[in-house]
Structures are given as C-alpha cells and as structure tokens.
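*Asks:* Here it is, the structure, as structure tokens.
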Amino acid sequence: MAGPIQTKLERLSGQYTAKVKEAREEAAKKRKPFVTDAETKTINQRIAVLEREYKAINAEYNKLAKLEKIAEEYLDLNKKVKEYQASLSKAEARGEDTASIKRDINKATSRIGVIAPDVERGFPEIKVAKPVVTTPAAQAGPTGTPVTTPVVTPSPTGTPIVKTPPPKTPPKTVVKTPPAEVKPVVDREAEALNAAAGADFTLPETLFKNIPSLNALLKKYVNTPGMQPDAFRKMLRDDVWYKQNSKEIKERFVQYYNYRDLQASGRAQGTTDYEMQIEKIVASLTKRAATIGSAAASDPAALRKAAENLYITNRSEDQSFIDDFLAASIRTVGGMIGGKGTEGYSGQALTNYKELLRTARSNGFQISDIIPGGANEQQVLQGIASGKLDINRIIQDARKLAAQGQPQYVRDLLAQGYNLDQVFKPYRQTMAAVLEIDDPDSIDLNDPLLRSAISDKGDMNVYDFKKALRKDNRWQYTEQARKDVSSATLDILRDFGFQG
C-alpha cells in the first residue's frame, strides 16, 4: 500500500487509541477513594470532551479506511496512464496501430474520473495532477498539405525575382483501420446494476459499493464482455453473503451505508431511519441493562456498538439474545457512599445475589458452597440473568445439600421448602437465651450442640435441651451461671452456720 495512505491511517489510529486511553484513565480517577462530587463533575466533563474527540477521529478513520483500496487503485491507474502515454508516443513514432493503447487510456482515465473526487478529498496528499496531452502537428494548409513558403531574392534591377523551392514530397500516409466500437464500461456496470435491482433481487448500487463479494461480482461482469445479465443473476444467487442475509437484513445494510455516506459528507443530522432506530435500541438496552444489573448500563459506547449490531442483524426484538449479551457484563461496579468507594452488584443481579446469600446462610453454608459446577458467583448471576440457570433450582439443591447427614425428620422438612435455620429456629432461640447470646442467628447452624437437638429418635424437648446447654462449657461464662454459683455457695455457708 502507498506510504502516505498507510501513514495517515496509522496516525488516526494512534490518535484514537490515545484519546480512548485518556478517557479510561479519567474514568479510573472517579473510582479512587474520597473523590468529591465537584471533582467527579469535572472528570465527567473531560470524559465527554474526549469521547467527542475520539468518536470524530474514529469516524474519519472509518471513512478513509473505506477509501483505502480505491486510493490504491487511483495511484495505480495514474501510473498506468503515464505508461500508456509513453507507449502511445513510441507507437505513433513507429507508425503502429494505436487503437488498443488509446482504449486502455480512455478506460483508465474514465475510471480515474469516477473515483478521483472521493479519493482526493480523503487523501489530498496523494492527488495526481491531470496530465496535459499535447500532440505536435506540422504547419499545414487548409487541405492538410504542408504549405511551402516561397523564397524572395532581389534582382540587380531591383525587381524581385521569386524563386519557388521544389515541393516537398508529402510523407507516406499510413491507412489505419478504425477500431471496432467498444461498448463503454459504464454501460456494462449500469446493465449489471439494473439486473440486480429487479424485483427478485432488490440490490441497490450502495451494496455493490460496500459489500466485497458483490463488488467482486460486479467487476467480473464489467470485465467479461460476453457475460449476459442472466449469468450475472446466477452468480448473485450463489453468493454466500446474498444467501446468508434475509431481505430485511439487506434492507438494513442499505440504510446503514446510506447513513455512512451522509456521515462522511457531514450531512447526517439524526433524521435517517437508521439513526432513529439506533437511538431507540440504545434506549431500550440502557433500560434493560439497568434492570438486570449489567455493567453495560454505564458504558454508552458499548451499548451503541451493540445497538448497531442488533439493528444490522435484525435482532433488536430478540429479548433472549439481548439478555445473553447484557448478562455477560454483570459484575460488581464501583460507587461512592459518604465519600468512600464501594463495590457491589445492582438491579436484579443484586436481588439474586442476596437471595443466594440468604439461602446459603440459612442452611449453614458459604455462598461458594451452593454455587453449581465450580463457577464463581459472577458466572452464576450471569447464568441466572440469561435464563441458563434457575435460581429456584439452585436454592432447592442447597436444601438437598443441607439435608445430607440429617435425621429423616429434618430431611422431610427441607424437602418441603424449609431452610435449615427454620427447622432449628426454636432451639437456636433457646440456646441464645440460656447462653445469653444477643443474636440467635449468629449461632452456627453446624454447632454440634444445636444439631444434637434433633436426631433420628426425634426432636429433644426444651427442658432436656436446656439441661444439655447448662453442661456446655460456654454456659459457665453466663451471668446466670455466676448467680447460681453464688447462691450455691451461700447455701453451703448457711449449712455450716456461717451465715444467718
């Protein structure tokens, strides 16, 4: 590829990368501890400016990248024209037939005329001056015969004597057979486009300009004089891109490329069907992302790109597909509370996480104990949001796990939908009261003494459970234990007559 073209594209790419990196660095500043609201506002303003800048750079890059191959063609054609002109001069000097060379020149210059405006606007640095073709001609008379100028010599008497030089032998005339009429290339192209625009195809010119496989077929037809429109239609029907995309998707590609053309010329004003549909899809994605707790809700660039993909693939109404995409971005996000940074889930993901956490704790587990398949909590929340995992099934499986090693009475209750904390709740409360523990829920469900309250023989009555608790080492540190010891000591002293 020509140096200036690559250099310009690489420069734009570097500028885009630098701006995006700068925007990300600014966004990272907001997640630092103790960032004030005023500082956050200033950072957001800088990010907004950077976003506008890198989006403009990206638009320019995309426009020029689209012109890249055409620009190469432009340079190549200009080089060929110079070579053809040199060949033409040599052929004329030798008196050879120049019809084919002239046809090549006409074909190349015609193509240059078509592509030059766009290329020279996008890459002015490679603009090639149009060659000035001059054909030297001998001074000739009205009939084409060279004119001889008489020589006038004065005589001794003063009367001029006119001496006419002998006529020059005219050069040998080479009779050239005019070339057969060549149908202009533009006619072949128009013929192909007309064949593709019929009711059975409805493929407009913009698709042939932008879809590589269609563009290749058009060029093949143009450069194969003997090919008929029916053969061209057959090639279209066999094209992979044509087969893979429905009529609706083809129409959306047309809307997209029409928008890109307007964007490239600075005339896109948000009024095209493409622009309005994209804005509608972005709004829907933003709302859905916030609902399910996807981090994509805070990434406008990602949502815009997703909206463009959904539009062009005609899947903007496919809720399952959309949820799969958004669920993949479920993760903890940073926030600020009281000037301090926080991390956590949001939306439905937060609700699901709390439910899993409650189920785990209610059955004596850590949340990692009830997560299926060795996945992490983030993957489980993503699976629940996308519908691949059923939270109710996870909860039921947690109860089954809790039932292992339990008496039949406990297993039956768990199977009915109770959690382990509900089964042991009366004993937890009794245990907290006897051992003077403020929060009954702080007692571990795996506590051996608590578990001993229910066995295969049945559940222990409260009186016997209290007796068992007073035998536990923890009871001796209670206020009641100290009172009981003091009372017993006083009774002994009285028995020995030391107290009245």
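*Asks:* Near the amide H of residue 330, under 5 Å away, which other amide H atoms are found, from residues 5 or more places off or on another chain, if H is placed in the peptide plane?
*Replies:* Those lying under 5 Å, H to H, from residue 330 are 295.
*Asks:* Using a 7 Å offset from the Cα along the Cα-to-Cβ direction at both residue 73 and residue 209, what is the distance between the two label points in nm, to one decimal?
*Replies:* Here the answer is 1.2 nm between the modelled labels.
*Asks:* Calculate, for segment 13-118, the solvent-accessible area per residue in square angstrom, rolling a 1.4 angstrom probe over the heavy atoms of the protein chains.
*Replies:* Ligands and nucleic acids excluded, the result is 64 Å² per residue.
*Asks:* Past 31 Å, Cα to Cα, is the threshold; run 41/305; 425/483; 243/305; 127/305; 80/234; 127/243 against it and keep the listed order.
*Replies:* 127/305; 80/234; 127/243
*Asks:* Quick check: pseudo-label points 7 Å beyond the Cα along Cα→Cβ at residue 304 and residue 80, how many nm apart are they?
*Replies:* Distance between the two pseudo-spin positions: 3.9 nm.
*Asks:* Starting from the Cα of residue 202, move 7 Å in the Cα-to-Cβ direction to define the label point; list residues of segment 268-289 whose amide nitrogen is under 17 Å from there.
*Replies:* The answer is 273-274.
*Asks:* Tell me which residues come under 5 Å, amide H to amide H, from residue 455 once H is placed; ignore anything under 5 positions away on its chain.
*Replies:* For residue 455, the qualifying residues are 460.
*Asks:* If you count only protein heavy atoms and use a 1.4 Å probe, how large is the accessible surface of residue 463, to the nearest 10 Å²?
*Replies:* Counting only protein heavy atoms, residue 463 exposes about 150 Å² to solvent.
*Asks:* Ignoring ligands, DNA and RNA, please state the percent of accessible area on segment 1-78 from carbon and sulfur, probe 1.4 Å.
*Replies:* Result for segment 1-78: 53 percent of the exposed heavy-atom area is carbon or sulfur.
*Asks:* Assuming a ≥ b ≥ c are the square roots of the Cα gyration tensor eigenvalues, decide whether segment 208-333 counts as rounded (a/c under 1.5), prolate (otherwise, with a/b larger than b/c) or oblate.
*Replies:* Note, shape of segment 208-333 comes out prolate.
*Asks:* Also, I was wondering about something else. Pop out the ³J(HN,Hα) list for segment 297-303 in order, Karplus 6.51 cos²θ - 1.76 cosθ + 1.60 with θ = phi - 60°, rounded to Hz; leave Gly and Pro as x.
*Replies:* 4, 9, 10, x, 5, 5, 5
*Asks:* So, one more: List the aspartates and glutamates whose alpha-carbon lies under 14 Å from that of residue 466, not counting same-chain residues fewer than 8 positions away?
*Replies:* 436
*Asks:* What is segment 334-432 by shape, rounded, prolate or oblate, if you read a ≥ b ≥ c off the alpha carbon gyration tensor as root eigenvalues and call it rounded for a/c under 1.5, prolate for a/b larger than b/c, and oblate otherwise?
*Replies:* It comes out oblate by the Cα gyration axes.
*Asks:* Rounded to whole Hz and in sequence order, give me ³J(HN,Hα) for segment 468-484 from the Karplus expression 6.51 cos²θ - 1.76 cosθ + 1.60, θ = phi - 60°, writing x for Gly and Pro.
*Replies:* Running phi through 6.51 cos²θ - 1.76 cosθ + 1.60 with θ = phi - 60° gives 5, 5, 5, 8, 6, 4, 5, 5, 5, 8, 8, 5, 5, 4, 5, 5, 4 Hz.
*Asks:* Could you do me a favour and compute the accessible area per residue for segment 306-438, 1.4 Å probe, result in Å²?
*Replies:* Using a 1.4 Å probe on heavy atoms only, each residue of segment 306-438 averages 53 Å².
*Asks:* Another one. Residue separation times 0.36 nm, minus the C-alpha to C-alpha distance between residue 474 and residue 249: what's the value?
*Replies:* Result for the pair: 73.7 nm of gain on full extension.
*Asks:* Pop out the ³J(HN,Hα) list for segment 41-46 in order, Karplus 6.51 cos²θ - 1.76 cosθ + 1.60 with θ = phi - 60°, rounded to Hz; leave Gly and Pro as x.
*Replies:* 4, 4, 4, 4, 5, 5
*Asks:* Taking amide H positions as placed in the peptide plane 1.01 Å from N, state which residues far from residue 341 in sequence (5 or more) or on other chains have amide H under 5 Å from it.
*Replies:* The answer is 34.
*Asks:* Take the solvent-accessible surface of the protein heavy atoms, probe 1.4 Å, and return the percent of it on segment 298-354 that carbon and sulfur atoms account for.
*Replies:* 52 percent
*Asks:* Test of understanding: what is the full-extension gain from residue 441 to residue 261, defined as 0.36 nm times their sequence separation minus their Cα-Cα distance?
*Replies:* That works out to 58.2 nm of additional length.
*Asks:* Another question, if that's okay. Output the relative contact order of segment 274-397, whole-number percent, from Cα pairs under 8 angstrom with separation of 6+ residues.
*Replies:* The value is 23 percent.
*Asks:* With the crude spin-label approximation of a point 7 Å out along Cα→Cβ, what separation in nm comes out for residue 62 versus residue 366?
*Replies:* 4.7 nm
The values are calculated or read from the model by the stated rules, or taken from the named source; none is laboratory data. Computed from a prediction, not measured in an experiment: that's the story for all the values here. Because the Cβ atoms are built from the backbone with ideal geometry, glycine has one as well, and the counts that use them run over all protein chains shown. Surface accessibility is based on the protein's heavy atoms, side chains included, excluding ligands, DNA and RNA. Shrake-Rupley method; radii C 1.70, N 1.55, O 1.52, S 1.80 Å.
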